[in-house]
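What follows is calculated from the coordinates using simple rules that are stated; it is not laboratory data. Just so we're clear, the structure is a prediction, and the values are computed from it rather than from any experiment. Here Cβ is always computed from backbone atoms with ideal geometry, including for glycine, and neighbour counts include all displayed protein chains.
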Amino acid sequence: MTLISPSRRLRRTPFSDGVEAAGVQSYTVYNHMLLPTVFRSVEEDYRHLKSAVQVWDVAVERQVELRGPDAKRLMQMLTPRDLRGMMPGQCYYVPIVDETGGMLNDPVALKLAENRYWISIADSDLLFWVKGLANGYRLDVLIDEPDVSPLAVQGPKAEDLMARVFGEAVRDVRFFRFGWFDFMGRSLVVARSGYSKQGGFEIYVEGSDIAMPLWHALFEAGEDLDVRAGCPNAIERVEGGLLSYGNDMTRDNTPHECGLGRFCNTQTAIGCIGRDALLRVAKDGPVQQIRPIQIEGGRVPNSDRAWPIMAGQQQVGQVTSAAWSPDFETNVAIGMVRMTHWDLGTDVDVILPGNEVRAAVVFGVFWA
Ligand code: THG
């Protein structure tokens, strides 16, 4: 096995000691930081995530903080989602686009106060775009990456575990809302959110010094719940239709192509960069779109490239993520498909590595 060379550029997280002690088997790199991908095996982790509770080091979900009189204006410049109704205590999933309407990131934004936001980013250097805009437009706003590291608690028993550590009131936090909860005398943002469909919370751990104490507190409190270290699961997230920036979409895609049109209010998102470009695609509709795909036959291999989707000799799309699903007993996949072939039930072929051709169908069951 080849190992990744440690260096200062490849950042550890405040939870890395705990992750290593828990027996992490492999990592990926995300926002220049280590993100665990496997503990026991992807399938065993999947089973456990769907039946118990896991603690995830998702410190890679870095925060871009906007603070100051122009924070609100800048936040609306970044996204075609209308933020006028956003209240402190709310999380919004917000497509971030460039001047052509191309996706730059798909973060969760948190409104901490009228003039203060956190943008909890996916894997791209969004900080530079935000700083560039603030400077170019001479905005009165401070932008930086604070010492905040999210820790996710995910799975059907997540609420019970959280209540033991943060108190019963945590049960009242609604989906995509957050409250402030005490740990070791510090007030932390705790949101009901996370990169799984199994339910759970994300704790925005502010101050690296309390990261390992919180990690240990969760494992001690959850011993009888079979709490384990986990991570975003490659099978569960495809089943759930959770998109991965850099995999399922890039700067070459509009939010509409990504099925994120429901998070765009391009008519009313006044001030959004890329608004004119998006008004055009919103009017005509996209010519390709993300779809769930079922790939027949046995287990597909892991992949580091897109697989062509074919209709005869013609390419009509590409598979961008795929995994064998034990629960669906088939390969579940996410792909970008041209409009001529995106209808539910359309039969296509997928070319796997080694030129193996597999039957596949545009599917409609993994997610709504
Ligand atoms: N949580 C936080 N930060 C993140 C992620 C996260 N940053 C990186 C990455 N994940 C960003 N991408 C996503 C993708 C999907 C969702 C959240 C972040 C998500 N989607 C739900 C869905 O599609 O069902 C709900 C969206 C909604 O209804 O508003 O949760 O996970 N902090």
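Numbers for the structure displayed
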{"item": "Under 22 Å from Lys50, Cα to Cα: lysines that are on another chain or at least 8 residues apart", "result": "Lys157, Lys197"}
{"item": "Measure of compaction for the stretch 253-352 (Cα Rg per 2.2 N^0.38 Å)", "result": "1.25"}
{"item": "Length-normalised contact order for the stretch 130-214 - Cα pairs under 8 Å, 6+ apart - percent", "result": "32 percent"}
{"item": "Computed [θ] at 222 nm, deg cm²/dmol, the chain (DSSP H ≥ 4; -39,500 (n - 2.57); rounded to nearest 500)", "result": "-5000 deg cm²/dmol"}
{"item": "Surface/4 estimate of mean projected area, convex hull on alpha-carbon atoms of the chain, nm²", "result": "18.8 nm²"}
{"item": "Length released on extending from Gln90 to Phe328, taking residue separation times 0.36 nm less the Cα-Cα span", "result": "82.3 nm"}
{"item": "Packing-based order for 172-183, 326-337, using average beta carbon neighbours within 10 Å, highest first", "result": "326-337, 172-183"}
{"item": "Mean separation of Cα contacts under 8 Å, 6 or more apart, over the residue count of the chain: relative contact order %", "result": "17 percent"}
{"item": "Protection proxy ranking of 124-130, 156-162 - average other beta-carbon atoms within 10 Å, highest first", "result": "156-162, 124-130"}
{"item": "Sorted peptide list for 84-94, 100-110, criterion being average Cβ within 10 angstrom, highest first", "result": "100-110, 84-94"}
{"item": "Shape of the stretch 179-308, Cα gyration tensor, a/c cut at 1.5", "result": "oblate"}
{"item": "Fully extended contour minus Cα-Cα distance, from Gln267 to Phe128, at 0.36 nm per residue", "result": "47.4 nm"}
{"item": "Relative contact order, percent, the stretch 189-312 [alpha-carbon distance under 8 Å, six or more residues apart]", "result": "17 percent"}
